[in-house]
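Read the figures in this text as sums done on the coordinates, not as results from a lab. In this text, all values refer to a predicted model and were calculated from it rather than measured experimentally. FYI the Cβ positions are ideal-geometry reconstructions off the backbone, even for glycines, and counts take in every protein chain you see.
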Amino acid sequence: MGRHRGYRRPVVALLAVALALGACTAPPATVEADRVQGLYNLFLIAAAAVFGVVAGLIGWNIVRYRARGDESLPVQTNTNLALELLWWALPTLLVIGLFVASAAVLNTNDAKHPGAPLRVKVEGFQWQWRFTYLDSKVQLTGIPGSPPELVLPVGTTVDFELVSDDVIHSFFIPSFLVKRDTIPGVDNHLELTINQQGTYTGQCAEFCGLLHDQMLFSIRAVSASEFAAWLASQRPSP
Amino acid sequence: MTTAELERGTPRPAVAGTRTGIVDYLTTTDHKRIGLLYLFTGLGFFLLSGALSLVMRAELTFPDLQFLDESTYNQLFTMHGTGMIFFFASPVVFGLANYFIPLQIGAPDVAFPRLNALTYWLALAGGLIAFSGFLVGGAAAFGWTGYAPLSGAIFSPGNGSNLWIIGLAFAGTSGILGAINFVATIFSMRAPGMSMFRMPVFTWNMLVTSLLIMLTFPVLTGALAMLFIDRTLGGHFFDPAAGGSAILWQHLFWFFGHPEVYILILPFFGVVTEIIPVFSGKPVFGYRGFIFATMLIGVLSYSVWAHHMFATGVVSNLFFAITSLLIAIPTGVKFFNWIATMWRGRVRFQTPMLFCIGFLFMFLIGGLTGPFLASPAIDYDVTDTYFVVAHFHYVLFGGSVFAAFAALYFWLPKMTGRMLNEPLGVTHFWLTLAGMNLTFFPMHLLGLEGMPRRIADYPASHGDWTLLNVIITGGSAILAISVVVLAWNVIASVFMGRGAVAPDDPWGGYSLEWATSSPPPHHNFTSLPPIRSERPVFDARMTAIASRPVGGEPPVPTDPSADQEMVRG
């Protein structure tokens, strides 16, 4: 039995790596991202469990039933209805569970928030971003090599209005665990509520041509009072 | 008899009894020669597209642009994806299908041999046309997905983009014609006794694949025609400013594109389902259930396309979430079939089986990251990042390419009459396994940390990104070495004639290709064994043993003992 253990070690190591994936997402910084992180963790646990069972079965079979110079013909088993029904049923139950959990998070996160959110227009263009605070007309425009910094308050729902006049871009902030495309001819919206102060990097995630890699921006999340002071210091665009 | 016991002899021509000059290959309508042309064309584009990825990896090792500019980088990833999908994976599928569907069903050739030749030359022309963009001032640079309006004349001027469209249209047309040929062959040219439910699983999976091609490739060809009209004739299909729709392209492209993923994996499910039973000494477990799962994947694959579009915000995300998750069920079932096939068998670890076991582990990982992308809330985060790149490379490299290598070691002796070198094969396997995991596993982490795909450069301020990118580039170097080992094995064993002469049935095979010579004669068979199950060659071997006179020669490997219990379903 001693030499069997040698075969199992890689499987255990792979499992450990899979579990380490849980710690590797950018730390969530919005109310919505916290829910996504929870859902991601659920999926990761399910995937790790399935990997453990299936990889374990494969590993056990190739070790236990490896040819050992005994060349007699194995029993030619080729069907077992009960077993087959079982292995159709188990993944079906798992998939239903994952769907229900996915639907719950999706419906909550995509629902329109009540009340008057802070409205920010996000315009993707080749190859930078233009952010406009719609209520105060303050506008920030980036140029490649000099990315804009969008300042937002913590604890206030922000409604991003996503538009583009040239090609498709995608507004992506890794720490918010979300992206949404800006598509010519389509008015897209994304609502979220930041719950952690800090500076978060973002960049275009939909390939948009030559300088796609330079469509960087950042978001600085500050307290509501700091935000009000910052906004008042900005000059509205004509 | 093992390969070591076979003495070396003079190489036989690729098709016994005929000449094998260049002109013979240029003018052939023989399915075996066309199959070989397809396979080596596919391997050629594999080397080319792989070389492009190595250049990209070298550039991405460290932040800042070292020796590429964005324009070149964008062409490289576009043509890497285009080449691997359309001009490597598809030709390898068509090559294996061309060679082995007629052999497995006991037919002398495909139904339409001349059409078959046209199909190959269209595919080759398509590849050359698409790649010729590099020679006319720049290849296409909008990603293999060609999203509108970026792929339009305003944002992607230049003939490289037009050549990409024309090349893909050639490949699409070739695919449709080839699929029609395979379906006609399977439905009308099976040998007496070869009922549908006695067909080998590879042929079954190619039937379902061909039906998928016939229903999806026309959509691609149509979309390409619309894009071409927009670009060159002033059309407005995908121009929102003139009342067109940018999203329309994505619907058409992915209605083709997602079934295409199954077109590139179902044949390889068939390959491993040929190899695992042979190297386990057992029949495939749950043959009919396995085929039903293949059909279900085929049907479901039409209903999942918009999971590529969750982040566009303009599709019904929940509908496409449930259909995409459902497809995990028949795929998962196949794993249990493969495992139960090995259960209580005699598993032999020769190179074809090593690659199948590698396939099981790697495709398992690729399969398990799929549900993350099928759940819209998680997909919003990880789509268009390196997480997706990791996912589809585990599926297409860990799945399709591993199975293609398994098929090469399994079937090249049949096709060329030469065995490949086993120690080199084992070396190739371990290098591929190590290189693949070092290259593609860290991409999961990169994606989760927010690195988008398709960027020529990344900021140095993300400390982890640099470390992970260094590891990935190192892994890709190991993959490059593994391909050199494979190429040397094929060149030395086959073309230089150093490999042992392949017997008719080197592995103890089950299906009809093992009942003829290696390589098979023109029109394939001089006689056929009776076909009474899905394993006619296995049955013939058992019959020969059972009718052996008492006190005859000692049993050969895989013989049953005298009182072996047989369970047949």
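Brief remarks follow.
- Sorted by Cβ neighbour density within 10 Å, fewest at the top, the residues B:Y25, B:Y409: B:Y25, B:Y409
- In this simple spin-label approximation, B:R344 and A:Q196 carry label points 7 Å from Cα along the Cα→Cβ vector, and these lie 5.3 nm apart.
- Peptide A:172-180 shows a mean partner chain C-beta count of 6 within 10 Å per residue C-beta.
- Of all beta bridges that DSSP places with both ends in the protein assembly as shown, some 70 percent have antiparallel geometry.
- Computed E for B:A58/B:A460 - FRET, C-beta separation, R0 25 angstrom, nearest 0.05: 0.90
- Excluding same-chain neighbours fewer than eight residues apart, the lysines reachable from A:K121 by a Cα-Cα span under 20 Å are A:K112, A:K137, A:K179.
- Principal-axis tilt of helix A:224-233 within chain A, Cα atoms, nearest 10 degrees: 40 degrees
- Using the Cβ-Cβ distance between A:S146 and B:S303 with R0 set to 41 Å, the FRET efficiency works out to roughly 0.35.
- Per residue of B:69-78, other chain Cβ atoms within 10 Å of the residue Cβ number 2 on average.
- Remark: B:R114, B:R348 ranked as B:R114, B:R348, counting other beta-carbon atoms within 10 Å and listing the fewest first.
- Of the peptides B:323-335, B:124-136, the order by per-residue mean of other Cβ atoms within 10 Å, starting with the highest, comes out as B:323-335, B:124-136.
- Kirkwood-Stokes translational diffusion coefficient of the protein assembly as shown, alpha-carbon pairs, 10 °C, 1.306 mPa s, µm²/s: 57 µm²/s
- Taken about its Cα centre, chain A carries a charge dipole of roughly 1060 debye when the Cβ of each Lys and Arg holds +1 and the Cβ of each Asp and Glu holds -1.
- Label-to-label distance, A:R220 versus A:H113, with points set 7 angstrom from Cα along the beta-carbon direction: 2.1 nm.
- Rounded to 0.05, the FRET efficiency of the B:L135 and B:S316 pair, given R0 = 45 Å and the Cβ-Cβ distance, is 0.55.
- Averaged over peptide B:463-473, the number of partner chain Cβ atoms lying within 10 Å of each residue's Cβ comes to 0.
- Partners for B:K414 among lysines (Cα-Cα distance below 16 Å; same-chain residues under 8 apart left out): B:K32
- Toward the positive end of the charge dipole of the stretch B:3-546, with +1 on the Cβ of Lys and Arg and -1 on the Cβ of Asp and Glu, the farthest Cα among B:A311, B:L135, B:C356 is that of B:C356.
- Once the Cα atoms are used to define both axes, helix A:81-110 deviates from the longest principal axis of chain A by about 10 degrees.
- Spin-label model, A:L83/A:R64: points 7 Å from Cα along the beta carbon direction are separated by 1.1 nm.
- Antiparallel DSSP beta bridges within the stretch A:118-233, as percent of all bridges there, nearest 5: 70 percent
- For the stretch A:118-233, with +1 on Lys and Arg beta carbons and -1 on Asp and Glu, the positive-most of A:F125, A:W230, A:I143 along the dipole: A:W230
- Paramagnetic label reach from A:D135 (point 7 Å along Cα→Cβ; backbone nitrogen cut-off under 14 Å): within the stretch A:160-185, residues A:160.
- 12 Å reach of a label modelled at B:A492, 7 Å along Cα-to-Cβ, counting backbone N of the stretch B:427-442: B:427-428
- Where GluC sites (Glu not before Pro) in DSSP loops with at most 11 other Cβ within 10 Å are excluded, longest remaining stretch of chain B: B:8-564
- Length released on extending from B:A51 to B:V23, taking residue separation times 0.36 nm less the Cα-Cα span: 7.1 nm
- Two-decimal ratio, chain A, of alpha-carbon radius of gyration to 2.2 N^0.38 Å: 1.44
- Between A:A46, A:A33, A:A67, the Gaussian network model of chain A with springs among Cα atoms under 10 angstrom shows the greatest mean-square fluctuation at A:A67.
- Unit charges at the beta carbon, dipole of the protein assembly as shown: most positive-side option, B:W514, B:L424, A:T199: B:W514
- If you bin all the Cα-Cα distances of the stretch B:3-546 at 20 Å, starting from zero, the percentages per bin are 22, 57, 20, 1.
- Taking 0.36 nm per residue of separation and subtracting the Cα-Cα distance, full extension of the segment from A:V100 to A:V53 would add 14.6 nm.
- Charging the Cβ of each Asp and Glu at -1 and of each Lys and Arg at +1, and nothing else, the dipole of the stretch B:3-546 about its Cα centre rounds to 1720 debye.
- 20 Å reach of a label modelled at B:A125, 7 Å along Cα-to-Cβ, counting backbone N of the stretch B:60-104: B:83, B:86-88, B:90-92, B:94-95
- The protein assembly as shown - charge dipole about Cα centre, Lys and Arg +1 at Cβ, Asp and Glu -1, debye rounded to 20: 2120 debye
- 17 Å tail of the calculated P(r), the stretch A:118-233, as % of Cα pairs: 51 percent
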